[in-house]
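**Q** One structure is given below, represented as structure tokens, and several questions about it will come after.
The values are calculated or read from the model by the stated rules, or taken from the named source; none is laboratory data. This is a predicted model, so every value here is computed, not measured. Here Cβ is always computed from backbone atoms with ideal geometry, including for glycine, and neighbour counts include all displayed protein chains.
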Amino acid sequence: MTGNDATIAALQLIIAGDQYNTISKPSEIVAAAAANVAVQLLKGETPKAETTLYDTPSQLFVPAVVTQENLKAEIIDKKIQTAAQLCTDRYAEGCKKLGIE
């Protein structure tokens, strides 16, 4: 089973071995880009698109596929979530196995 958006529940399922992966798209990056476009529009400027997707000017971001092998590096080390948020109750042992503390 796979997932999307790297929610706490999905990350905990990965820690437990019940889910294989999830996709992480840090909202801070996407929100910052949207805010920049909004500011440009408010200034009367035309935002420059990096590419076009389905005939729509777009800015694309590279998501991370998060698995047990890289969960610590992609989520904990990048401060997207903390060990305290993920390693609760039944997930504590799985966190130890993955080196997340």
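**Q** In the range 10-27, what residues are surrounded by fewer than 17 Cβ atoms within 10 Å (Cβ to Cβ) and modelled with pLDDT of 95 or more?
**A** Passing the criteria: Ala16, Gly17, Asp18, Tyr20, Ile23.
**Q** Answer yes or no as to whether Ala33 is outside any strand (DSSP E or B), in contact with a Phe, Trp or Tyr (Cβ under 8 Å, 6 or more places away or on another chain) and either loosely packed, with under 11 Cβ neighbours inside 10 Å or not assigned by TED's automatic domain parsing to the domain that holds Cys87 (or both). Even if it seems obvious, please write down each step before you answer.
**A** Working: outside any strand (DSSP E or B): yes; in contact with a Phe, Trp or Tyr (Cβ under 8 Å, 6 or more places away or on another chain): yes; either loosely packed, with under 11 Cβ neighbours inside 10 Å or not assigned by TED's automatic domain parsing to the domain that holds Cys87 (or both): yes.
For Ala33, the condition - outside any strand (DSSP E or B), in contact with a Phe, Trp or Tyr (Cβ under 8 Å, 6 or more places away or on another chain) and either loosely packed, with under 11 Cβ neighbours inside 10 Å or not assigned by TED's automatic domain parsing to the domain that holds Cys87 (or both) - is met.
**Q** On the basis of being of a type in the set (Ser, Thr, Tyr) and surrounded by 11 or more Cβ atoms within 10 Å (Cβ to Cβ), does Tyr54 make the cut?
**A** no
**Q** Here's another thing I want to ask about it. Identify the single condition in (1) over 16 Å from the mean Cα position of the chain (by Cα); (2) among the small types (Gly, Ala, Ser); (3) not assigned by TED's automatic domain parsing to the domain that holds Glu93 that Ala16 does not satisfy, given that it satisfies every other one.
**A** Just one mismatch for Ala16, condition (3).
**Q** Right, another one. With the structure loaded, tell me whether Tyr91 is out of contact with any strand residue (DSSP E or B) (no Cβ under 8 Å at 6 or more places or on another chain), hydroxyl-bearing (Ser, Thr, Tyr) and more than 20 Å from Asp5 (Cβ to Cβ) or whether it fails that test. Quick ask: steps written out before the conclusion?
**A** Working: out of contact with any strand residue (DSSP E or B) (no Cβ under 8 Å at 6 or more places or on another chain): yes; hydroxyl-bearing (Ser, Thr, Tyr): yes; more than 20 Å from Asp5 (Cβ to Cβ): no.
The answer is no for Tyr91.
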